[in-house]
Amino acid sequence: MNKYKLLIILCFFLFTLCLPRVTATIKDLNLLGKVIVLDAGHGGPDQGASSGQIIEKDLNLILVKKLEKELTSRGAIVYLTRENDDDLSTTIVNRKRNDLYNRAKYINDISPNMYISLHLNSTTSPSWRGLQIFYTTQNKENKKIASTITDYLNQHFSNIREIKKDNTYYMYKFIKTPGVLIEAGFISNPSDNYLLRQEDYQNKLIVLITNAIEKYYQKD
Ligand SMILES: [Zn+2]
């Protein structure tokens, strides 16, 4: 056998060794090319809820940027409604309403495969805790997205609340594309407040939310 034949055989052998890996990679690319809009709640003069060291608008943006990075690393095309400490309002009168309207318009104009709005919850009772996902019935996929993410997170965390239908939110009534609102925890609860400030927890939460979105797109 001459050395060229040997080289060809060796190459073929190496190629077949690579095959299962290639197949596995393709199967895992559920997010490749998916257009996702991430909406960090509040911003600018609207700081959202606050408790202790947490100001909602700031932590929403931190989490959204981590989510952007994770989704992008898996092939998704990600847009953010805001990238800085500002809202989307173009008016001074009815600023909040105009901000929400413009967020919905931004999402509709892009017409993504999915949008995720990210907020933090707060209430007067410090015992309320946990991440909760809200969905509207505007798009029939919304409930499925909420359930898929919630079921997945439930396997990893003990503080996940049941999904909740809510058609009353002004902003989400206008959004036609599939998506949900994630309230990542109650900052009025000492335990949630502590966890949400830990970078390890933030990173774990973001990876798991991304896994869950990937699972939603999995075709099996
Ligand atoms: Zn909020």
If a residue must be touching a helix residue (DSSP H, G or I) at 6+ places or on another chain (Cβ under 7 Å), part of a loop (DSSP other than H, G, I, E, B) and in contact (Cβ under 8 Å) with a residue 40 or more places away in the chain, how many such residues does region 24-80 contain? 10
Pair list, Cβ under 8 Å, 6 or more apart: region 106-133 residue among the basic types (Lys, Arg), other residue in a loop (DSSP other than H, G, I, E, B) and at pLDDT 95 or above: Arg129/Asn189
Hey, among Leu29, Leu59, which residue is of a type outside the set (D, E, K, R), modelled with pLDDT under 95 and under 21 Å from the mean Cα position of the chain (by Cα)? Leu29
Residue by residue through region 53-66, note down the ones that are out of contact with any Asp or Glu (no Cβ under 8 Å at 6 or more places or on another chain) and within 16 Å of the ligand (Cβ to nearest atom). Ile54, Ile55, Glu56, Leu59, Asn60, Ile62, Leu63
When you check Lys144 against the structure, is it touching a Phe, Trp or Tyr at 6+ places or on another chain (Cβ under 6 Å) and either touching a residue at least 24 places away in the same chain (Cβ under 8 Å) or more than 12 Å from Leu38 (Cα to Cα) (or both), yes or no? no
What pairs can you find where one residue is in region 201-215 and under 17 Å from Gly179 (Cβ atoms), the other is of a type in the set (Phe, Trp, Tyr), and their Cβ atoms are less than 8 Å apart, with a gap of 6+ or different chains? Ala212/Tyr152; Lys215/Tyr152
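The values are calculated or read from the model by the stated rules, or taken from the named source; none is laboratory data. Quantities reported herein were computed from a predicted structural model and do not represent experimental measurements. In this analysis, Cβ positions are derived from the backbone assuming ideal geometry, glycine residues included, and neighbour counts consider all displayed protein chains.
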